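Read the structure below first, then the notes.
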Amino acid sequence: MECSYVQLDDLPDEILLIIFKKLDNFDILHSFHGVTNRRLNRIIHDPLFISNLNFVIWSSNKFLNKLSSNVILNRFCLQILPDISVKIKLLHLESSSAKNILRAADYPNLYGLGLYNINGKTARRLFTGKKNKIKFF
């Protein structure tokens, strides 16, 4: 029996996009954003793939923040979100990282925002005040 293997680069764009859509786009962006492979970067920046970003996960009857590590939060805020912000249409955020994510970039095409585990005081701080840099509201 002949042994053969297929590398990621051997797959057509359509197959890669199907595979990536089955996975969490948060994980794909964190893992592959900025790789030197232009083709892979183009595929993971497809508007259909990154238009809806979910930074929360439902676990044990509560919403948890996927950005629990400051390293991951900083990577998204400083590198990933500024690159893809014009393609984002929906954001799902947990209150502890909402301010950082919303201030990381302008989101001119954002039309939906899900805020989880947020109280009234935090919401007022996010959407009012002179220090607020959020321009899309």
### Task
Please work out which option in (1) 17.5, 61; (2) 14.3, 43; (3) 17.1, 70 gives Rg and Dmax of the Cα atoms in Å calculated from these coordinates, and answer with its label.
(3)
### For segment 8-127: lysine pairs under 25 Å (alpha-carbon distance), excluding those fewer than 8 apart on one chain
18
### Query
Can you give the calculated 222 nm mean residue ellipticity of the chain, where each DSSP H run of n ≥ 4 adds -39,500 (n - 2.57) and the sum is split over every residue, rounded to the nearest 500 deg cm²/dmol?
-10500 deg cm²/dmol
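Ordered by packing density, taken as the mean number of other Cβ atoms within 10 Å over each peptide's residues, highest first, how do 39-51, 79-91 rank?
On the way: 39-51: 15.5, 79-91: 17.1.
Put in order of decreasing packing, that is 79-91, 39-51.
Is there a quick way to get the dipole size of the chain? I mean about its Cα centre, with the Cβ of Lys and Arg at +1 and of Asp and Glu at -1; what is the value in debye to the nearest 20? Numbers along the way, then the final one.
Details: 19 positive and 11 negative charges, 257 e Å.
Once rounded to the nearest 20, the dipole reads 1240 debye.
Just so you know, all these numbers are worked out from the coordinates, no wet-lab data involved. No experiment lies behind these values; they were computed from the predicted model shown. Positions of Cβ are generated from backbone atoms using ideal geometry, with glycine treated the same way; all protein chains shown enter the neighbour counts.
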